[in-house]
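To start, the structure under review is shown below, and the notes come after it.
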Amino acid sequence: MRIRILALGLALVFTVSAQLDAQYATQISTYKKCFIGSSFFMLGNFLPEDKPHFVQLNLGYRLTGRDVVSLELKTWRYHKSLGIPYGKFYNDPEEKYTGYIQERGFALAYQRYLWKNLYAGVHVMSAWQSFVNGDGKEIDKGFQIFNTYRLGYHVKLFNDKFFIEPSVAVTHRPYHTTMPDPFKQFDDKWTKFFFGEPGLHFGYNF
């Protein structure tokens, strides 16, 4: 699902490539400094099973033509360790939790344009967790720091009223509280990093 959404985003990039401009140049004072947006990964909520119940709201501000800060409000759930790499174990049903982890939190993000529309970003999320067993009962609570290191491309649409941002990222969990055993035994098998996480954000400038 993630790869399909990223492929769609890349297709849109090439389709509108003739409309691309450079980053929001500092010498232009009329660019819109604020934006509101989200992620196309909310489409995953239409999956037939293991729905992520993913909701995200981004509120951003352009400090300069090349520097952007934003607040991301998120909630989602996942049914397997976030450290499982792409490969034979990624979709292995034997790696699924008996239940799921629900997270709610917020992230602070900083983006820096490196060259034209190419940018790098760092997202630091504080996430409060609920551990839910196979019967739908919450058995414990937790907390984790979830970082995302992102490289992406900003595409302006419709005279800069809207934008999309396909990207690829490394995610990192530098800290989390101790998980209950039914979840810990799965999570301990894998690294705290995940490489190649696709992203596809969109937004409205105002």
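Brief remarks follow.
- With neighbour counts taken as other beta-carbon atoms within 10 Å, the residues Lys74, Lys184 rank, fewest first, as Lys184, Lys74.
- Each Lys and Arg Cβ is given +1 and each Asp and Glu Cβ -1; about its Cα centre, the stretch 34-187 then shows a dipole of about 640 debye.
- Springs between Cα atoms under 10 Å define the GNM used for the chain, and in it the highest mean-square fluctuation of Asp135, Asp92, Asp187 occurs at Asp135.
- Pair Tyr31, Asn45: separation of 7 Å Cα→Cβ label points (nm): 3.1
- Added length on full extension, which subtracts the Cα-Cα distance from 0.36 nm per residue, His53 to Ser130: 26.4 nm
- Over the chain, DSSP H runs of length four or greater, each weighted -39,500 (n - 2.57), average out per residue to a 222 nm ellipticity of -3000 deg cm²/dmol.
- This structure gives percent of Cα pairs over 31 Å apart, computed directly, and of (1) 39; (2) 51; (3) 23 that value is listed as (3).
- Counting only aspartates and glutamates at least 8 places from Lys33 when in the same chain, those with an alpha carbon closer than 19 Å to its own are Asp21, Asp67, Glu72, Asp160, Glu165.
- C-alpha long axis of helix 2-15 to longest principal axis of the chain, angle in °: 10
- Extending 7 Å from Cα along the Cβ direction at Leu108 and again at His176 yields two label points whose distance is 2.3 nm.
- Each label point was placed 7 Å from the Cα along the Cα-to-Cβ direction; for Asp160 and Asn91 their separation is 4.2 nm.
Where a number appears in this text, it was derived from the coordinates with a stated rule and is not lab data. Keep in mind that what you see is a predicted model, and the values were worked out from it rather than measured. No Cβ is skipped: glycine too gets one built from the backbone with ideal geometry, and neighbour counts run over all protein chains shown.
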